[in-house]
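Student: Submitted below is the structure of interest, expressed as structure tokens.
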Amino acid sequence: MAVLDDAEAGRLMGTARAHAIKERWRVSPLVAVLTVFLLILILPPTFYLVITSLYTTKPDGSFDQLTLQHYQEL
């Protein structure tokens, strides 16, 4: 039975740890495609809601002034 010195044991543990991390973050192609599709559907409306919450509106519906008025009212 061979005894490993500290450097060799550390290298083997590092390799095993890197392999475990790689296995942990493996994602199937279907999950990746569905995640991208979901982000495409969610991010633009969310971005629009945040931007519009920072402006007041004119009577015709167009943006007026940049303000934090809505957040002060909350």
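The values are calculated or read from the model by the stated rules, or taken from the named source; none is laboratory data. On a predicted model such as this, the values are computed, not experimentally measured, just so you know. Keep in mind that these areas ignore ligands, DNA and RNA; they rest on the heavy atoms of the full protein, side chains included. Shrake-Rupley method; radii C 1.70, N 1.55, O 1.52, S 1.80 Å.
Student: Going through the stretch 54-74 one residue at a time, which ones are open to solvent by less than 100 Å² (accessible area, probe 1.4 Å) and part of a helix (DSSP H, G or I)? It would help to see each step written out before you state the result.
Tutor: Here is the first cut: in the stretch 54-74, the ones open to solvent by less than 100 Å² (accessible area, probe 1.4 Å) are 54-58, 61-64, 67, 69-70.
Once the filter is applied, which keeps residues that are open to solvent by less than 100 Å² (accessible area, probe 1.4 Å) and part of a helix (DSSP H, G or I), the stretch 54-74 yields 69, 70.
Student: May I ask you to list the residues in the stretch 31-53 that are open to solvent by less than 100 Å² (accessible area, probe 1.4 Å) and among the β-branched types (Val, Ile, Thr)?
Tutor: Scanning the stretch 31-53 gives 31, 33, 35, 36, 42, 46, 50, 51, 52.
Student: Given the condition open to solvent by 80 Å² or more (accessible area, probe 1.4 Å), modelled with pLDDT of 85 or more and part of a helix (DSSP H, G or I), answer yes or no: does some residue in the stretch 20-30 qualify?
Tutor: yes
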